[in-house]
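Novice: The structure's right below; bear with me while I get my questions together.
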Amino acid sequence: SETPQCRLWRIHAHSWLVVARAHVPLASSDVFVRNDMRASLAPLRSTQTRNVPRRCRNGSTGVRCEAVSRATKPMKVAGDVTELIGKTPMVFLNKVCEGCGAQVAAKLESMEPCNSVKDRIGKSMIENAEKEGRIAPGRTTLVEPTSGNTGIGLAFIAAAKGYKLVLTMPASMSMERRVLLRAFGAELVLTDPAKGMKGAVDKAEQIAATIPDSFVLQQFENPANPKIHFETTGPEIWEDTAGQVDILVSGVGTGGTITGCGSYLKSQNPNVKVIAVEPTESPVLSGGKPGPHKIQGIGAGFIPGILDTNVIDEVIQVSSPDAISMAKDLAQKEGLLVGISSGAAVVAAKELANRPENKGKLITLVIPSFGERYLSSALFSDIREEAENMTFE
């Protein structure tokens, strides 16, 4: 095939040889490809190829030629931010578990797009409701009570999909949470911290009753919450540990992570033990009374509807001071900046790793969130004060 500027020859299945007539400069608009083996030619836009032409010169004729490859690798670019959720890495904890008889490996949900395990359920709950025809962008106002991380997971997905979002949250949660939620365009209503998450749940229901075409996602009751962990988080742990996991440790907030992951791992190996973690100050799972604590994200003060307690083999209580201390150690000894509930999970995992009956076993745990979200909390209060008092030299 020919044009006034060049000739084209098919040189193999994925390439064309474009030869310019002598002394005629080639521009990107001069490169053509055959369309469906027809003689007609269409311009190849620069956005359709990522290859760089190879140039050669025939010394006898002075004719310049360019070989333009049409072979391109599939692009590894997500269609939108929601497609980046999942497939988080795992890492062994070494220094903080030094001397323990068992190995401890952490799944870093802190490396999700918005830095928490709740990114998974945010996407799952919204997309499940969409499939059921219960919500639609531009029509539905989403309403949800949150301790922060689920709200953030919902907020960035709602922004990407075009939903209006109203969140209720106890005023005791960190300032970073408030700022992040507002940054994504969510409307935020604070509730009495003394009432815990129950107060936020009640407020969300009140608000939803006043907004036409509103929808409460109900993370504590929504089966799409544990479902996504059964379908993704659990299988990822099983695959990354080559099926060698013996014990799973998880804090309990909504109960979705421990129910979904625990159920999946037990379906693969009934001998896997599942350990729940709750605050010492609010030992509801152990039969105690709810109370205030500083481990944000777990210890909601009630037993969530989606929590399958039959999956749980043991409940370990961790105090707020111990959780905070371990979270600091993880940053300074492992290079892992994590939240307070992550510290609680590691405290429990370390206790298990020191038990003689667990010697040689592999203990896995979930790191729910990234530590930068807690800069204004009790986790970094001493460092924050030190930083505020610094002066220049």
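The values are calculated or read from the model by the stated rules, or taken from the named source; none is laboratory data. The structure presented is a predicted model; accordingly, all values stated were derived computationally and were not measured. Because the Cβ atoms are built from the backbone with ideal geometry, glycine has one as well, and the counts that use them run over all protein chains shown. Side chains included, ligands, DNA and RNA excluded: accessible areas come from the protein's heavy atoms. Shrake-Rupley method; radii C 1.70, N 1.55, O 1.52, S 1.80 Å.
Novice: If the limit is 27 Å between Cα atoms, which of LYS107/LYS266; LYS87/LYS333; LYS107/LYS227; LYS95/LYS198 go over it?
Specialist: From LYS107/LYS266; LYS87/LYS333; LYS107/LYS227; LYS95/LYS198, over 27 Å: LYS95/LYS198.
Novice: Sort SER325, SER147 from largest to smallest accessible area, using a 1.4 Å probe on the heavy atoms of the protein chains.
Specialist: Numbers: SER325 60, SER147 25 Å².
I get SER325, SER147, largest accessible area first.
Novice: Extending each Cα 7 Å along its Cβ direction at VAL189 and LYS95, get the distance between those two points in nm, one decimal.
Specialist: Output for this residue pair reads 4.6 nm.
Novice: So, for region 124-185, what is the accessible surface per residue at a probe of 1.4 Å, expressed in square angstrom?
Specialist: So region 124-185 comes to 36 Å² accessible per residue, rounded to a whole number.
Novice: Charges only on Cβ, +1 for Lys and Arg, -1 for Asp and Glu: so what's the dipole of region 111-227 about the Cα centre, in debye to the nearest 20? Write down the numbers at each step before the final one.
Specialist: Details: 15 positive and 13 negative charges, 26 e Å.
Dipole size: approximately 120 debye.
Novice: Given the Cα-Cα distance of THR210 and VAL77 and 0.36 nm per residue of separation, how much length would full extension add, in nm?
Specialist: On the way: separation 133, 0.36 × 133 = 47.88 nm, distance 4.08 nm.
Separation in residues times 0.36 nm, less the Cα-Cα distance, equals 43.8 nm.
Novice: Per residue, how much accessible surface does region 239-309 expose to a 1.4 Å probe? Answer in Å², no decimals.
Specialist: 38 Å²
Novice: Tell me, what is the per residue accessible area of region 327-393 in Å², probe radius 1.4 Å? It would help to have the intermediate numbers written out before the result.
Specialist: Values: 3360 Å² over 67 residues.
Using a 1.4 Å probe on heavy atoms only, each residue of region 327-393 averages 50 Å².
Novice: Rounded to whole Å, give me the distance from the Cα center of region 148-198 to that of region 237-263.
Specialist: Distance between centres, Cα-based: 26 Å.
Novice: For region 261-393, which whole percent of the accessible surface, found with a 1.4 angstrom probe, sits on carbon and sulfur atoms?
Specialist: That share works out to 50 percent.
Novice: Hand me the GluC sites (Glu not before Pro) from region 84-159 located in a DSSP loop with no more than 13 other Cβ atoms within 10 Å, in residue order please.
Specialist: Hits after loop and neighbour filter: GLU98, GLU132.
Novice: May I pose another question? Heavy atoms of the protein only, probe of 1.4 Å, neighbouring chains included. What is the accessible area of MET169 in Å², nearest 10?
Specialist: Counting only protein heavy atoms, the figure is 0 Å².
Novice: Right, another one. With point charges of +1 on the Cβ of Lys and Arg and -1 on the Cβ of Asp and Glu, referenced to the Cα centre of region 290-391, which listed residue (LEU375, ILE298, THR364) lies farthest in the positive direction of the dipole?
Specialist: THR364
Novice: Another one. Can you spot the lysines whose alpha carbon is less than 16 Å from LYS161's alpha carbon? Ignore those fewer than 8 places along the same chain.
Specialist: In chain and number order, the partners are LYS123, LYS131.
Novice: Now for a different question. Towards the positive end of the charge dipole of region 180-245, with charges on Cβ (+1 Lys, Arg; -1 Asp, Glu), say which of VAL245, PHE184, GLN206 has the farthest Cα.
Specialist: Value computed over the given set: GLN206.
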